[in-house]
Amino acid sequence: MEAVGFLCFVAAVVAWGFLWVWDSWERMRSQEPAGVPGDGSKTLLVIAHPDDEAMFFAPTLLGLARLRHRLSLLCFSAGNYYNQGEMRKKELLQSCDVLGIPRSSIMIIDNRDFPDDPGVQWDTERVAGTLLQHVEANGINLVVTFDAGGVSGHRNHVALYAATLHFSPLHLPQPGCSVLTLQSVNVLRKYISLLDLPFSLLHTRDVLFVLTSKEVAQAKRAMSCHRSQLLWFRRLYLLFSRYMRINSLHFL
């Protein structure tokens with residue numbers, strides 16, 4: 001009898017947890033994220049390398065597309081670490097086609113100031129100046145980039161976050177412009193796919209984007225455009241990474 005009672009208790013807890021997750025998800029999907037600029041806002045995704053947009057930010061891009069944001073992208077390198085820069089630039093354009101970013105709204109910086117190299121620390125002031133100039137020239141309302149962990153810890157990713165911090169609060173990056181950073185999570189959470197949703201619901205402070213099954217397929221198509229990068233471990237990443245399905249973001 002005690003065993004039966006315990007199993008009933010466990011089943012009740014599991015059922016309650018499932019209903020809580022479902023209810024929270026449905027309420028989240030039916031509401032516009034608080035603090036995110038509305039319909040028609042100009043949003044700039046700032047990344048370090050071609051494939052960052054699909055590998056890490058696809059849920060954010062597709063979520064903002066639902067909100068009818070006008071999306072643009074600034075990539076600080078051509079991803080030329082293995083001398084594949086020209087190919088990777090073309091792959092980025094193809095990926096952005098899938099994710100809904102017009103080619104006329106894409107800028108790829110390809111110079112020696114910002115090499116694709118995890119061993120090189122990009123100059124913070126130079127990154128910040130380039131970013132600020134782009135934001136002001138294009139009237140950007142929302143900037144999206146990496147947080148202090150850079151998701152993967154790559155120094156080029158972290159440099160972009162450091163650049164946004166480099167601005168004073170009065171000029172970050174201009175009046176009326178907000179900055180969202182993508183939350184880095186531990187390795188276990190990173191690779192449990194949609195099973196991370198309860199943790200994301202509990203720990204997201206500001207904005208959470210979760211893709212539908214149709215949007216997940218779209219995100220995978222975008223990542224598949226980066227053929228030069230689809231090594232065996234990245235194919236596993238497509239299957240198991242939460243970042244192909246879930247993005248939790250914090251306002252800076």
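Just name the residue that is farthest from residue 99 (Cα to Cα) out of those in segment 235-245 that are touching a helix residue (DSSP H, G or I) at 6+ places or on another chain (Cβ under 8 Å) and assigned to a helix (DSSP H, G or I).
That would be 240.
Kindly provide the set of residues from segment 189-200 that are assigned to a helix (DSSP H, G or I) and farther than 23 Å from residue 145 by Cβ, ordered by number.
193, 194, 195, 197, 198
Residue check: is residue 197 hydrophobic (A, V, I, L, M, F, W, C), open to solvent by 20 Å² or more (accessible area, probe 1.4 Å), within 23 Å of residue 35 (Cβ to Cβ) and more than 13 Å from the chain's Cα centre (by Cα)?
No: the conditions fail for residue 197.
In segment 213-252, which residues are surrounded by fewer than 19 Cβ atoms within 10 Å (Cβ to Cβ) and aromatic (Phe, Trp, Tyr)?
Scanning segment 213-252 gives 232, 233, 237, 240, 251.
Can you pull out every residue in segment 134-156 that is within 18 Å of residue 52 (Cα to Cα), open to solvent by 10 Å² or more (accessible area, probe 1.4 Å) and among the polar types (S, T, N, Q)?
152
How many of the residues making up segment 85-109 are under 22 Å from residue 160 (Cα atoms), open to solvent by less than 70 Å² (accessible area, probe 1.4 Å) and outside any helix (DSSP H, G or I)?
Number of matching residues: 4.
In segment 37-58, what count of residues is obtained for those that are buried (at least 21 other Cβ atoms within 10 Å of the Cβ) and not in a helix (DSSP H, G or I)?
The number of residues fulfilling the criteria is 11.
For residue 125, work out the one condition from (1) surrounded by fewer than 18 Cβ atoms within 10 Å (Cβ to Cβ); (2) more than 25 Å from residue 243 (Cα to Cα); (3) without any contact (Cβ under 8 Å) to a residue 40 or more places away in the chain it doesn't fulfil.
Going through (1) surrounded by fewer than 18 Cβ atoms within 10 Å (Cβ to Cβ); (2) more than 25 Å from residue 243 (Cα to Cα); (3) without any contact (Cβ under 8 Å) to a residue 40 or more places away in the chain one by one, residue 125 breaks only (3).
Looking only at segment 200-209, filter to residues that are within 12 Å of residue 243 (Cα to Cα) and touching a residue at least 60 places away in the same chain (Cβ under 8 Å); which one of those is surrounded by the fewest Cβ atoms within 10 Å (Cβ to Cβ)?
So the residue we want is 208.
Tally up the residues in segment 59-84 that are within 17 Å of residue 228 (Cα to Cα) and open to solvent by 10 Å² or more (accessible area, probe 1.4 Å), please.
5
Give 216, 127, 179 a once-over and let me know the one that is in a strand (DSSP E or B), in contact with a helix residue (DSSP H, G or I) (Cβ under 7 Å, 6 or more places away or on another chain), on the phi < 0 side of the Ramachandran plot and not aromatic (Phe, Trp, Tyr).
After applying the criteria, what remains is 179.
The values are calculated or read from the model by the stated rules, or taken from the named source; none is laboratory data. As the structure is a computational prediction, the values presented were derived from the model and not from experiment. Positions of Cβ are backbone-derived with ideal geometry, glycine not excepted, and every protein chain shown enters the neighbour counts. With ligands, DNA and RNA removed, areas are computed over all heavy atoms of the protein, side chains included. Shrake-Rupley method; radii C 1.70, N 1.55, O 1.52, S 1.80 Å.
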